[in-house]
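Rule-based calculations on the coordinates, nothing more; no lab input. Everything numeric here is computed off the predicted structure, so don't read it as measured data. Neighbour counts run over all protein chains shown; Cβ positions are idealised from the backbone, glycine included.
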Amino acid sequence: MEVYLAARYSRLGELNVYAEMLRQHGHTVQARWLLGEHQIYDGALLVEAATDEVPPEGALFAKDDFDDLRNADLVVAFTEPPRSGNSRGGRHIEAGLALAWGITLWIVGPRENVFYCLPQVRQFKTFEAVKEAMKGAE
């Protein structure tokens, strides 16, 4: 099964551990953002300010993520407690694309917004529970 993992960029290390666990169980994890090369750093301020001077890296990174998502059989999105901190929220776009494209969407954590309440979105409290559910989906 081809899996895309979506989460806050600050959870990169944690998500790489989960990705490796999935690979050890025979799944493909195609999410280039996990390589740690998709952070715009100083250019992120330009993106957030919505100026005309958007760094070209931003579009390239988005295209990578878009393509990786498009090929996924399953998107696992790691949510955060509502109003728990600042985030650019790319994981919500990724989850929305999964819903729009009919890709199975599972969330780990709370239902951060109303779209995670849709009946086709499966919620898990832990990644361990996701791994157990994937055994039945193989």
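Observations on the model:
- Centre-to-centre separation between the Cα atoms of segment 66-80 and those of segment 104-130: 12 Å.
- Residues PHE78, PHE115 arranged by fewest to most Cβ contacts within 10 Å: PHE115, PHE78
- As a proxy for reagent exposure, ranking THR104, THR126, THR28 by other Cβ atoms within 10 Å from fewest up yields THR126, THR28, THR104.
- Less than 5 angstrom separates the built amide H of PHE124 from those of ILE107, VAL108, GLY109, all sequence-distant by 5 or more or on a different chain.
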